[in-house]
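Enquirer: Pasting a structure below so you can have a look.
The values are calculated or read from the model by the stated rules, or taken from the named source; none is laboratory data. All figures in this text were calculated on a predicted structure; none of them were measured in a lab. Neighbour counts are summed over all protein chains in view; Cβ atoms, including those assigned to glycine, are modelled from backbone coordinates with ideal geometry. In case anyone asks, the SASA skips ligands and DNA or RNA and just uses the protein heavy atoms, side chains included. Shrake-Rupley method; radii C 1.70, N 1.55, O 1.52, S 1.80 Å.
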Amino acid sequence: MIKKIYRKYKQITWFNDFKKLHEKSIQDKIDISKLRLILGVGRSGTSWLSKMLAECDENIRYFNEFLPHVKPTVRYSLENDYTAVDYKDVINEKDTIFTSYKYLTTDKFNKDLLDSNFIKRKLAKDCENPDIVLVKEVHSLLMSEGLLKKINTASITITRNSIYVLDSFLSYKEIHNPLWKNETNYIISNEEFQKKYKINNKTINNLIKYRDDGKIRKNAIISKCLTIAIINKMLKQLGNDLPSCMHITYENLTQNPLEYFKKMSLHLDMSFGENAEKELENSQKGIVNTKDPMSIQRDTKKQASREYRNLSPDEVAMLEVFLQECELNL
């Protein structure tokens with residue numbers, strides 16, 4: 001109850017602080033029809049997907065995971081990932097995240113909206129009077145349904161085998177990293193979400209039993225993998241349920257990149273032209289075993305079935321059993 005009161009209080013105070021801090025910006029013209037969202041769990045191919053789409057022919061402004069760096073801070077929790085938010089199927093005009101998104105679309109972007117220490121990394125491509133404002137985001141995903149309904153512009157959700165997501169995550173983060181811990185707790189407590197996305201009792205009981213306490217590796221692996229798979233299930237269903245949203249899998253994308261980028265750009269009303277095709281071709285010439293976890297230069301077709309690097313064969317086999325028992329796709 002205290003946490004719910006805190007989140008509601010922060011919602012009210014954040015909006016008031018935003019208006020004070022950006023008094024001039026809120027007078028600028030906004031156009032949310034320009035927004036194009038790329039939503040997916042981190043390590044699902046979101047960077048490759050969005051960077052290639054940012055090379056389309058249109059006049060594009062491109063943001064890369066901006067939410068943690070909005071001023072004032074988008075904070076839903078005092079612990080773990082503070083941008084993690086509970087499930088919402090409907091959001092209002094004063095919602096913190098909706099407000100953050102819509103002010104990305106002003107004719108001239110006010111860089112004071114983002115932490116100056118991160119502006120170069122998060123505003124990856126800028127221009128005045130953009131045709132398209134492309135936003136790739138991996139945070140606050142449980143709010144995706146409400147956000148996509150509110151914005152109601154063409155968007156993409158991407159999912160990847162949850163075991164590979166976890167394995168890739170472990171290439172640069174330790175297993176007890178706080179990412180996805182809050183989402184786990186929200187899923188456990190939110191019966192509306194469980195019903196909407198058909199999360200069975202077996203899954204919830206496993207999330208409770210194997211909650212990550214920061215000590216036991218097995219618990220953290222199970223908890224994170226199940227949570228990732230649940231978010232993937234939601235993102236896939238949104239792609240099926242919402243006309244504005246298209247769902248793709250990383251596995252299909254890696255096998256037929258040009259075909260899928262053409263399909264996605266058509267859905268997004270963008271032109272994947274000669275320059276974008278050239279960048280896409282160049283991005284696939286990397287080596288399959290690159291040691292840079294953030295690189296998008298890879299031997300693309302081998303990524304979907306590469307060897308696991310950070311999970312043992314026994315851990316992979318264990319996770320496959322849990323996912324099957326919980327009726328969750330890989």
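Enquirer: Whole-Hz ³J(HN,Hα) for each residue in region 310-315, computed from phi via Karplus 6.51 cos²θ - 1.76 cosθ + 1.60 with θ = phi - 60°, x for glycine and proline: what do you get?
Expert: Each residue's phi maps through the Karplus curve to give 10, 10, 6, x, 5, 5 Hz.
Enquirer: Right, another one. Dimensions of region 90-207 along principal axes (Cα, Å, largest first)?
Expert: Extents along the principal axes, in whole Å: 51, 35, 22.
Enquirer: Per the Cauchy relation, a quarter of the hull surface: what is the mean projected area of the convex hull of the alpha carbons in region 1-117, in nm²?
Expert: Hull-based average projected area comes out at 8.6 nm².
Enquirer: On to the next question. Given the DSSP H assignment, sum -39500 (n - 2.57) over each helix run of at least 4 residues in the chain and divide by its residue total; what's the result at 222 nm in deg cm²/dmol, nearest 500?
Expert: -13000 deg cm²/dmol
Enquirer: Between Glu79 and Asp126, what is the label-point separation in nm under the 7 Å Cα-to-beta-carbon projection?
Expert: That separation, rounded to one decimal, is 3.8 nm.
Enquirer: Per residue, how much accessible area does the chain show when a 1.4 Å probe rolls over the protein heavy atoms, in square angstrom?
Expert: Accessible area per residue, the chain: 47 Å².
Enquirer: In whole Å, what are the Cα extents of the chain along the three principal axes, biggest one first?
Expert: 55, 52, 36
Enquirer: Additional query: If I stretch the segment between Ser312 and Lys111 completely, what's the gain in nm (0.36 nm per residue apart, minus their alpha carbon distance), one decimal?
Expert: Gain in length upon complete extension: 68.0 nm.
Enquirer: Ordered by packing density, taken as the mean number of other Cβ atoms within 10 Å over each peptide's residues, highest first, how do 88-99, 310-321 rank?
Expert: 88-99, 310-321
Enquirer: Based on the mean of other beta carbon atoms within 10 Å per residue, what is the order of 232-240, 194-202, 215-223, 179-187, most packed first?
Expert: 179-187, 232-240, 215-223, 194-202
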